[in-house]
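To start, the structure under review is shown below, and the notes come after it.
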Amino acid sequence: MYLFKIFILSFLVLPSFSFAAETFVLQPFQRQLSFVGFTRPKSELLISSEVSGRCEKVLVDIGESVAAGGVVATLDKTFMLLDLQKNRIAQEQVQRQLELDKKTVARYSTLIKNKSTAQATYDEAMFQVDSHAIRLKSLQNEQMRLGELLKRYTLVAPDGWKVIDRFVEPGQFVRAGEPLLRLGDFRQLLMPFVFTCGQLEIVEQYDRLQLYFPDQGKTVDGTVYRVAPGFDEKTRKIKVDVLVHTEKESDAVKWRGGMRAILHIQGTVEKDTFSVPSSALLSRYEAHWLVSEQGEQVKVIFLEKSENGERAVVSGRGLSRGHSFLVFPEEKRTPGRQ
């Protein structure tokens with residue numbers, strides 16, 4: 001019994017401990033705007049044939065890059081080569097006739113000086129020289145036209161571009177203007193978004209935008225590449241292309257079209273609205289309060305919670321930036337524990 005009394009006494013004289021309550025300072029609420037987009041090539045190109053003919057070769061397939069030189073397909077040139085050969089033969093014939101006519105003119109020129117032939121005969125010979133010279137120039141011009149047309153039977157594309165779609169196979173007859181391949185420049189990627197006028201003003205304030213690729217776990221810089229001068233009449237928003245600053249080829253990420261990314265930007269500060277920890281709200285019968293360090297309860301209007309539920313957005317009279325409140329008002333705070 002004596003020992004028990006000593007134990008109680010010693011318990012009563014133990015020193016007391018104080019527990020400081022965790023607090024937070026009110027800050028104006030700034031809504032975070034999130035936009036989801038998908039990558040696409042910076043430029044696309046539709047390869048069509050300018051001439052009709054049978055497809056001879058297709059040198060690239062879907063997903064492959066255009067090799068140095070840029071040749072992607074060829075058409076059968078047989079009839080074009082025959083037309084060129086025919087033209088060269090015709091030129092040779094006219095050239096020989098022209099040389100003969102020039103000799104005739106030279107002979108008549110001597111005779112007319114000696115007054116041994118009529119002027120009309122000389123004029124007729126000169127006419128033949130001029131006619132064949134014009135005919136030769138016409139054939140030479142036709143040769144140039146056929147040569148340029150022959151180049152059209154070899155289809156070329158920019159080096160390094162990749163094939164997105166392929167619409168032709170060897171042996172297939174191709175008509176002029178018919179699309180054969182669709183290519184894209186995937187060395188640089190764009191990401192299309194649509195913004196309201198107010199959102200666009202915020203976006204244009206950023207020199208660098210942060211694009212988060214959740215599937216790759218990477219954040220990449222981006223910049224506004226181009227802004228459409230008009231707007232979509234259905235959504236009443238403006239189309240904006242953001243240029244993605246993809247890293248070097250040595251990077252582990254293989255950049256391509258269709259990659260999902262999220263753009264986060266900070267919106268404007270909303271007046272008389274504050275972001276607080278969700279745990280700081282006392283809720284009773286659909287009413288909400290914040291508790292100051294002095295234990296005073298301040299009634300607030302609950303507006304919404306963040307996506308993860310850790311923060312709440314509130315407004316209320318008497319709230320201003322810099323005021324301190326308890327993070328966990330449910331916990332009783334005592335200066336000492338006995």
Practice item. State the number of residues belonging to the stretch 23-43 that are within 30 Å of Trp255 (Cα to Cα) and assigned to a strand (DSSP E or B). Key: 9
Exercise for review: Give the residues of the stretch 202-238 that are exposed (fewer than 13 other Cβ atoms within 10 Å of the Cβ), touching a residue at least 24 places away in the same chain (Cβ under 8 Å) and either of a type in the set (Lys, Arg) or farther than 18 Å from Val36 by Cβ (or both), sorted by residue number.
Suggested key: Arg236
Practice item. Go over the candidates Leu189, Leu111, Leu136 one by one and state the one that is out of contact with any Cys (no Cβ under 6 Å at 6 or more places or on another chain), over 29 Å from Lys77 (Cβ atoms) and surrounded by 15 or more Cβ atoms within 10 Å (Cβ to Cβ). Key: Leu189
Point to revise | Contacts under 7 angstrom Cβ, first residue in the stretch 90-102 being at pLDDT below 90, partner surrounded by fewer than 16 Cβ atoms within 10 Å (Cβ to Cβ), 6 or more apart | key: Leu98/Ala133
Review point. Mind checking which residues of the stretch 164-186 are surrounded by 15 or more Cβ atoms within 10 Å (Cβ to Cβ) and in a strand (DSSP E or B)?
Key: Ile164, Arg166, Val174, Leu180, Leu181, Arg182, Leu183, Gly184
Practice item. May I ask you to list pairs of residues, at least six apart or on different chains, whose Cβ atoms are under 6 Å apart, with the first in the stretch 156-175 being without any contact (Cβ under 8 Å) to a residue 60 or more places away in the chain and the second being surrounded by 12 or more Cβ atoms within 10 Å (Cβ to Cβ)? Key: Phe167/Pro179; Phe167/Leu180
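The values are calculated or read from the model by the stated rules, or taken from the named source; none is laboratory data. Since we're looking at a predicted model, the values are computed, not measured. Cβ atoms come from the backbone with ideal geometry, glycine included; neighbour counts cover every protein chain shown.
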